[in-house]
Amino acid sequence: MSKLIARLILAMLTLPLAGTVFLITLVPLAVTTTTGGPDALVAFYTWLATYTFVVIYWYFIWRDGIAWTRQRRDGTIIAAATGAGASVAAFTAIRAGLPGVDPIGAVFFSGGLAPIVFVTTTVILWRETSEERAARLAARGVEVISCLACGYNLTGLKAAQCPECGAEFTLDVLLAGQRRETEV
Ligand SMILES: [Zn+2]
């Protein structure tokens, strides 16, 4: 099994595992509910534990496959904080705008925003740029596809048109040209 496949399987397990953490931390909530009324603070801790799990688990799945730059490092911390902020903002808005909603219900409803914001933001943030991909493939010795007209590195592009000189190729011409160059 390749590393990527293993990561994808682990990533798919994020939701059920988060649900498990949620249920485990929900036990104190159930206890307080039966003994002396529901406690919004316990609901908050349940959300906090679940969200912290998602952030740490998601980070550990992908961290080895990410080209860590300062921007990505800072962005990841900001994404985690923004997710939490989005939940707190949604909770505040629900409490202010819909006073009839139970505070525990408001915690759980707004709590779902945090992992969604964090995971979505990190997927965009951690994605490899075409320059990084070209550098990675070059470092591994993979043949770099270059423009037949000007030699510009076309690795990672989704179209067979050179962004540097504008020359357009069909894929067969482009590949045939690469072979000729490597033979020389
Ligand atoms: Zn070119």
So which residues in the range 149-169 are crowded, with 17+ Cβ neighbours inside 10 Å and either more than 20 Å from ARG127 (Cα to Cα) or within 11 Å of the ligand (Cβ to nearest atom) (or both)? ASN153, LEU154, ALA160, CYS162, PHE169
How many residues does the range 117-130 contain that are touching a residue at least 12 places away in the same chain (Cβ under 8 Å), of a type outside the set (A, V, I, L, M), more than 16 Å from the ligand (Cβ to nearest atom) and assigned to a helix (DSSP H, G or I)? 4
Name the one entry in SER110, SER130 that is under 30 Å from ALA43 (Cβ atoms) and small (Gly, Ala, Ser). SER110
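Based on this model, can you work out whether THR170 counts as of a type in the set (Ser, Thr, Tyr) and without any contact (Cβ under 8 Å) to a residue 24 or more places away in the chain? Steps first, please.
On the way: of a type in the set (Ser, Thr, Tyr): yes; without any contact (Cβ under 8 Å) to a residue 24 or more places away in the chain: yes.
It is true that THR170 is of a type in the set (Ser, Thr, Tyr) and without any contact (Cβ under 8 Å) to a residue 24 or more places away in the chain.
Every number here is computed from the coordinates shown, using simple stated rules; none is lab data. All values reported here derive from a predicted model rather than from experimental measurement. Here Cβ is always computed from backbone atoms with ideal geometry, including for glycine, and neighbour counts include all displayed protein chains.
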